[in-house]
Every structure is written in C-alpha cells, then in structure tokens.
Amino acid sequence: MSDEEIQVFIDGVVRYFQRTTGEPAEVDPPYLKGEDSVTLDFTGVIGISGRHRGAVYFTSCAEQLTELLHRFGETAIGFADHEDLVGEVANTIAGNARQYFGSEFLISVPVVLCGQPDRISFPLCLKNFVIPFTWRSYRSYLIICLDLQP
Amino acid sequence: MGARTVLETSGRLLIVDDSSTVRRSIERHIYSERVTKIYQAANGREAMELFERYRPELVTMDLTMPEMDGLTCISRMMALKPDTRLMVISALGDAETAIEAVERGANEYVVKPFSAEDLNLALANLIAEASGPR
C-alpha cells in the first residue's frame, strides 16, 4: 500500500468521529503489524474484493463503543449494540474508501468478532498496516490488509 | 389533492439499514408531524416485505446489506410504486454508485457518517419534495 492509500483510511477514521460526535480522533503514525496483538473487545471485519483483495478491521473496547452510543442518543446499551456499532464503523470507513479506490472496491457486509483475540488471524500473504488512534482517551485500531488482485 | 400532496393524507416512512444503531439514529431525527408511521427493516428482503404490505411514501435505504442489496431494492420498489420518495444513506462514497442509485429512482443521497444536521436537512428536503408539486 502506498502512503496515499493509507491516508485514505486515516482520513476515514478522523471523519467518522468528527462528523458523528463533533470531536475528531487523534491518529498516531501507522506501522506494519508484527507479532503484537491489536485486537480489543469487539472487532468489525469488512472483506474487500473486486480489483483489490484483503480486509479492513476496526477494533475497539466496549467503553469506547458505549461512549459513542451515548453520543448517538442511545440509553439502554447492551452487548448486541456494541456488536452492531463496531461493524457499522468498519463498514463506514471501508465504504468511504470507494471515493478514492472507485466502485470496483467491493466491500462485504460486516463480520463481528467478540473478544478471543488469539482466534483472529490476519492474512500472512499481505502486509497488515495498523492505524492506531485515540478518541476521548480510548485507544482503538484500524487494521488494513490490502493488495491488488494478482 | 391526490398525487400533488402525498404526505397530507399519509406519511409512512420505511427505514432500511442492517445496523440497528443507524435505524434508531434515523428514527430519532424524524421530527416531521407528517411522518405518522415508521417501519424498520434490517435487509433488502425484509424491506420488500414491508414495502409491499404498507406502501410507504418515504424510504431511507442503506446499500450494503445481507440478503438483498439496496440498489436491487430501489429498482423493485420503484417498479411497484414509482412515486415513492427515497433517500439513500450509505457509506459508499463513490460517484458511480450515487449516480446509479439516482438512475434507479433515489431522490437524495447521503454519505455516512452523517451528522444530525446532514440528516435533518436531507429528510426535510425529502419530505418537502414529497409534499410539493409532482
């Protein structure tokens, strides 16, 4: 992935929090994922196909998702709401990327994973870029595994 | 009367989105007294079932959904009831998709993430279009 392509996803993260809460997320420099675990309580996964192949992962702690849901006006918040929102954030950021990549950047519906970070295996054949960010002191990660179709 | 003022007699709204958070968020932003009844669907198949049963005047439509995608849904709804006022609310930010949605019959296209102001303005436009001269 080029710097310009990574920037598309950084912009997506900043825009999501700015537009939905009025407070932008603070993004730290992206890095190549190593052996370290970057999965938190809930992870939304969007599969990418078409001209590209790969996946976009958004992973967040329950507290951040609860805070976001409060901002949206939710009051009775449960496990299912966390699952729903983490998938929706992943979907929104991946979908927004079509403005740059075009309509052949096909996105799947979200798959949501809860906890059990050891079970999440990232594609080894692709470079996995981690975009760490903070919103209201909560740390989250966007992980991008993307390549052109061979 | 009749077709000129669709919402004067009835204001049914169908909200279609696979995210329950988004559906509730849209519902909270519906302030119009003209919207008298709101239905919700989590995928295209459910949406078509509710659409055929209740024939809503207004629809908000997600595009990326399980079972039946939003673009297919728009075409089927417009074939059944061409005067439906429909607003796409989708994360898909590319121009090609927006153009295709409009060609299939969408009246408004809002790209997620939306602010409360974005949504209020778009919904007001949709309701005004539905109430105005046809």
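The residues on offer are A:T20, A:T39, A:T66, and the sole one that is touching a Pro at 6+ places or on another chain (Cβ under 9 Å) and either at pLDDT 95 or above or over 25 Å from A:D3 (Cα atoms) (or both) is A:T20. Scanning segment A:14-30 for residues that are away from every other protein chain (no Cβ under 14 Å) and within 15 Å of the chain's Cα centre (by Cα) yields A:E26, A:V27, A:D28, A:P30. Consider B:P66 carefully, then state whether it is out of contact with any Cys (no Cβ under 6 Å at 6 or more places or on another chain), free of Cβ contacts under 8 Å to residues at least 60 places away in the same chain and farther than 21 Å from A:G102 by Cα. Yes; evaluated as a whole, the condition is true for this residue.
Looking across segment A:77-94, just one residue is of a type in the set (A, V, I, L, M, F, W, C), more than 12 Å from the chain's Cα centre (by Cα) and within 8 Å of another protein chain (Cβ to nearest Cβ), and that is A:A80. Considering only segment B:94-132, state which residues are surrounded by 20 or more Cβ atoms within 10 Å (Cβ to Cβ) and facing chain A (nearest Cβ under 9 Å). Scanning segment B:94-132 gives B:D94, B:T97, B:V111, B:K112, B:P113, B:F114.
The lone criterion from (1) buried (at least 23 other Cβ atoms within 10 Å of the Cβ); (2) modelled with pLDDT under 95; (3) acidic (D, E) left unmet by A:D147 is number (1). A search for C-beta distances below 6 Å between a residue of segment A:127-144 that is under 12 Å from A:Y31 (Cβ atoms) and any residue that is hydroxyl-bearing (S, T, Y), counting only pairs 6+ apart in sequence or on different chains, returns A:V130/A:Y31; A:V130/A:Y141; A:P132/A:Y141; A:Y141/A:T59; A:I143/A:Y57.
Restricting to segment B:72-88, what's the tally of residues that are over 10 Å from the mean Cα position of the chain (by Cα) and either surrounded by fewer than 21 Cβ atoms within 10 Å (Cβ to Cβ) or touching a residue at least 60 places away in the same chain (Cβ under 8 Å) (or both)? Before you say what the answer is, go through the steps one by one.
Filtering segment B:72-88 for residues over 10 Å from the mean Cα position of the chain (by Cα) gives B:72-73, B:75-83.
When the remaining residues are screened for being either surrounded by fewer than 21 Cβ atoms within 10 Å (Cβ to Cβ) or touching a residue at least 60 places away in the same chain (Cβ under 8 Å) (or both), the result is B:72, B:75-76, B:78-83.
Total satisfying the criteria: 9.
Evaluate segment A:32-52: report whether one residue or more is over 16 Å from A:P132 (Cβ atoms) and of a type in the set (F, W, Y). There is at least one residue in segment A:32-52 that is over 16 Å from A:P132 (Cβ atoms) and of a type in the set (F, W, Y). Residue pairs, Cβ under 6 Å, 6 or more apart or interchain, first in segment A:7-30 and among the polar types (S, T, N, Q), second in a helix (DSSP H, G or I). List them. Hits for this filter: A:T21/A:R71. Considering the conditions (1) within 26 Å of A:G102 (Cα to Cα); (2) in contact with a Phe, Trp or Tyr (Cβ under 6 Å, 6 or more places away or on another chain), A:V38 is excluded by exactly one of them, (1).
Got a sec? Which of A:L65, A:L69 is in contact with an Asp or Glu (Cβ under 9 Å, 6 or more places away or on another chain), of a type outside the set (S, T, N, Q) and at the interface with chain B (Cβ under 9 Å from one of its Cβ atoms)? Quick ask: steps written out before the conclusion?
Details: A:L65 fails: at the interface with chain B (Cβ under 9 Å from one of its Cβ atoms).
None of the other options fit; the residue is A:L69.
Scanning segment A:95-107 for residues that are facing another protein chain (nearest Cβ under 8 Å), assigned to a loop (DSSP other than H, G, I, E, B) and in contact (Cβ under 8 Å) with a residue 24 or more places away in the chain yields a total of 2. Residues in segment A:31-62 that are away from every other protein chain (no Cβ under 14 Å), in contact with an Asp or Glu (Cβ under 7 Å, 6 or more places away or on another chain) and either of a type in the set (S, T, N, Q) or farther than 30 Å from B:I26 by Cα (or both): 2 in all.
The values are calculated or read from the model by the stated rules, or taken from the named source; none is laboratory data. All values reported here derive from a predicted model rather than from experimental measurement. Cβ: placed from backbone, ideal geometry, glycine included. Neighbour counts: every protein chain shown.
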